[in-house]
Amino acid sequence: AAGSPTIRDVGALAASQLLQIAPGATFVLFAVDDQKSAVISHHAAGPAASRLAPMTIRLGESITGWVAANARSMINSDAALDLGPGVEDVLRFSASVPLIADTEAVGVLTLYGHEPFAHELALTLEMIAPHLAAALTCATRTLLVPAVSAEGRTTGRNGLSIVQRPAHCDRDSRSAVA
C-alpha cells in the first residue's frame, strides 16, 4: 500500500535516531519470522555494520533469540553470544530489547558496542521499543496478495488485496468526519 513503511524504512529511521544517542554503537533491527521460529536481521547500521552478515537466530537461542522468546531485555551481555568469535575487538557488549505488539514479540532491537551501555540508554531503548514495535508491525504485516473472487476473477485495486493490516497502520483511518 502506498505510504506504508518497509522494514528498511523503519530500520533506517530508528538507526538514525538511536546512533545519535549511542554513538559508536552498531544497530541491528530483527523481525520475528514465525514460520522459521527465528528472528532475522533486516537492517544494520553503525561503524561495524559491514562486519555483520545477515543473521538468523532461532527463538530462545543466543541473546537476541532469548530476548524475543522471553520478552525481556538483556543489557551488557557478551556480544559474542550473538555474533560468534572474531568480533571482540570491535563489539564486546550487546543491549537487546524486545519489540512487543499486541502481547507478542514482533522483533528485537539490538545494539552492539565496544563499551558497556549506560543504564539510562537501556531505559531509553525500553521507552522507544513500543513505538518501534508498532512501526515494525505495519512494515511486516502489510501484505499484498493476489485478490481473486469466488468465480476466479481478479478483484481489488490492481488485482491485489491487503491482508493482516493492523488498523493503526491505516493513515486514512485518521481522517476527520465532516
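Each value in this text was obtained by applying a stated rule to the coordinates, not by laboratory testing. Because the structure is a prediction, the values reported are computed rather than measured. Note that we place each Cβ from the backbone using ideal geometry, even for glycine, and neighbour counts take in every protein chain shown.
Distance between the C-alpha centres of the stretch 26-51 and the stretch 89-125: 12 Å, rounded to the whole angstrom.
The label-point distance for SER16 and ARG58, in a model that sets each label 7 Å from Cα toward Cβ, rounds to 3.8 nm.
In this simple spin-label model, placing a label point 7 Å from the Cα along the Cα-to-Cβ direction at both ASP33 and GLU88 gives a separation of 3.0 nm. For the stretch 1-150, the calculated P(r) over all alpha carbon pairs, in 10 Å bins from 0 to the bin holding the longest distance, is 12, 44, 32, 8, 3, 1 percent. Taking 0.36 nm per residue of separation and subtracting the current Cα-Cα distance, fully stretching the chain between ASN76 and THR124 would add 15.8 nm.
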